[in-house]
Amino acid sequence: MKKHVKNNVSWVGYIDWELQWFHGNDYSIMNGSSQNAYLIQEEKTVLIDTVWAPHRFEFVENLKKEIDLSKIDYIIANHGETDHSGALTALLDEIPGTPVYCTANAVKSLEGQYGKRGWNFHVIKPGETLDIGNGKQLVFIPMTMIHWPDSMATYMTGDNILFSNDAFGQHFAVEELFNDKANQSLLMKEALKYYVNIVNPFSPMVARKLKEIEGMNLPIDIIAPSHGVIWRDHPEQIVQKYAEWSQPYQENQVTIAYETMWEGTAKIARAIAAEISKQSPDTVVKVYNVAKADKNEIMTEIFKSKAICVGSPTCVNEILSTMSGWLTFLKELKFRNKKAAAFGCYGWSGESVKILKERLADAGFKVIDEEIKSNWNPDEEDFAKVPALVESLLS
Ligand code: FEO
């Protein structure tokens, strides 16, 4: 179903209220999502992006209700990942030969996924323009590593719309499309979760790209990403947030993440939380069992933190397995500017705290020397070490 965006620009995407996971099972979806595609009907007719492959036939049928497909002059593929390119096969079966504008890396991505089908690719040059009539042009802006090597954005002059693809998106279903129609706190929560779990590893490149776009002096009235709301009310607000988040970000928060076998490590986690509140009542403290809490929600809290404490008991010379996978994801997200401490119980060999410290250092955290390593269950001697650990973490 087509929805009006501005003048001759419409949304023709798919609002996915049932989606529960993204990137396999690596990103939890709590409030639906969308794959946003856009139709521009100026003197030239342009389609920007499509939808995920499972919705490709519905997408093409809906598009047919709006226009004669043969009237599409150009397809812009801002990004090759299948959530945006998944309907290209069904669409180009109907209109073979239609030019597909994309980056050189997107050609690799599209042919890698769908095979060499003889599509009429036009590889864009940075800053290249495409005249679409009525005095309007499209300008192509590579967005390399925001968030994959093939990503780009498309800017439309005249209407001043930045079709930013994944940048500035959220996994958040809003049937009314626009940011001013959404629950504001939920919108910013989802925008942050999306940034942390998808964009954060590329933050240095985000900061450079924001400066580059700022230097282009493009008036931007609307930012139309490929997921979530369209930013029409003060679109600069999400640009400002990206400028903040792309720095080594931290708030006055400490997050404690642990896994436990028989509650001993959990007791240490709670003791550390209580001591943080005692020593620094203004510091926000969050405590999560990584085997029970949502991984992406915890990572969002880690991003906000100035320090973290990570705990696991020793089990057969190792840390527990959910914690091990969790630490792999922690490293992948490339957090910066954060301290870390380790703690855990053991019965026999007792390697967990050493392993945690090594893994945290490898993930880029500044690991403090203080630790709580408790044989069997934590006792008074172990709890007596908590204040020094907290003091070092907060200093
Ligand atoms: Fe929304 Fe990188 O795909």
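The values are calculated or read from the model by the stated rules, or taken from the named source; none is laboratory data. Values in this document were obtained by computation on a predicted structure and should not be read as measured data. Note that we place each Cβ from the backbone using ideal geometry, even for glycine, and neighbour counts take in every protein chain shown. Note: areas computed on protein heavy atoms with side chains; ligands, DNA, RNA excluded. Shrake-Rupley method; radii C 1.70, N 1.55, O 1.52, S 1.80 Å.
Test of understanding: what is the full-extension gain from residue 64 to residue 17, defined as 0.36 nm times their sequence separation minus their Cα-Cα distance? Before the final figure, lay out each step's value.
Numbers: separation 47, 0.36 × 47 = 16.92 nm, distance 2.31 nm.
Here the answer is 14.6 nm.
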Candidate lysines - alpha carbon under 16 Å from residue 295, same-chain residues fewer than 8 apart omitted: 189, 193, 286, 304, 331, 334
Angle between the chain longest axis and helix 203-215 axis [Cα atoms, degrees, rounded to 10]: 40 degrees
Candidates 334, 295, 116, ranked by Gaussian network fluctuation over the chain, Cα under 10 Å, top entry: 116
Two-site label geometry, residue 274 and residue 366: point separation in nm, points 7 Å out along Cα→Cβ: 2.9 nm
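Would you mind getting the accessible area per residue of segment 3-245, heavy atoms of the protein chains only, 1.4 Å probe, in Å²?
Details: 9490 Å² over 243 residues.
Result: 39 Å² per residue.
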Contact order normalised by residue count of segment 253-373, Cα under 8 Å, 6+ apart, percent: 27 percent
In order through segment 11-22: 3J(HN,Hα) via Karplus (6.51 cos²θ - 1.76 cosθ + 1.60), integer Hz, x for Gly, Pro: 8, 9, x, 9, 8, 9, 6, 9, 5, 10, 9, 9
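Restricting to segment 130-280, compute how many DSSP beta bridges are antiparallel as a %, nearest 5. Could the numbers behind the result be given before it?
Details: 12 of 16 bridges.
Counting only bridges with both partners in segment 130-280, antiparallel ones make up about 75 percent.
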Where a label projected 7 Å from the Cα of residue 128 along Cα→Cβ would reach, residues of segment 153-169 with amide N under 15 Å: 153-155
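What accessible area per residue, rounded to a whole number of Å², is obtained for segment 254-394 using a probe radius of 1.4 Å? All intermediate terms of the calculation are to be shown ahead of the outcome.
Values: 6210 Å² over 141 residues.
Each residue of segment 254-394 exposes 44 Å² on average to a 1.4 Å probe.
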Integer Hz, Karplus 6.51/-1.76/1.60 couplings in order for segment 376-393, x for Gly and Pro: 6, 10, x, 10, 4, 5, 5, 4, 5, 7, 5, x, 5, 4, 5, 4, 5, 5
Partner aspartates and glutamates for residue 267 [C-alpha distance under 15 Å; skip if fewer than 8 residues away on the same chain]: 259, 275, 371, 379, 380, 381, 382
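How much of the accessible area of the chain, in percent, comes from carbon and sulfur atoms when a 1.4 Å probe is used? Display every interim value, and only then the final one.
Working: 8400 of 16440 Å².
C and S atoms contribute 51 percent here.
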Degrees separating the helix 56-66 axis from the principal Cα axis of the chain, which is the longest one: 40 degrees
Histogram of C-alpha separations across segment 175-246, 10 Å bin width, %: 19, 52, 28, 2
Total lysine pairs whose alpha carbons fall under 23 Å of each other in segment 1-116 (8 or more apart, or interchain): 16
Cα-centre dipole for the chain with unit charges at Cβ (Lys and Arg positive, Asp and Glu negative), debye to 20: 480 debye
Nonlocal amide H pairs with residue 284, under 5 Å, H built at 1.01 Å: 253, 254
Segment 1-63, relative contact order [Cα under 8 Å, separation at least 6], %: 30 percent
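Mind putting a number on the dipole of segment 125-221 about its Cα centre? Charges go on the C-beta only, +1 for Lys and Arg and -1 for Asp and Glu, and I need it in Debye to the nearest 20.
Numbers: 8 positive and 12 negative charges, 70 e Å.
Charge dipole of segment 125-221: 340 debye, to the nearest 20.
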Cα-based Kirkwood hydrodynamic radius, segment 345-390, one decimal, Å: 11.5 Å
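Kindly work out what percent of the DSSP beta bridges joining two residues of the chain are antiparallel, to the nearest 5. Present the calculation step by step, with values, prior to reporting the outcome.
On the way: 29 of 64 bridges.
That works out to approximately 45 percent antiparallel.
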For the chain, fraction of C-alpha pairs farther apart than 32 Å, in %: 41 percent
Rounded FRET efficiency, nearest 0.05, which uses the C-beta distance separating residue 216 from residue 117 and R0 of 25 Å: 0.15
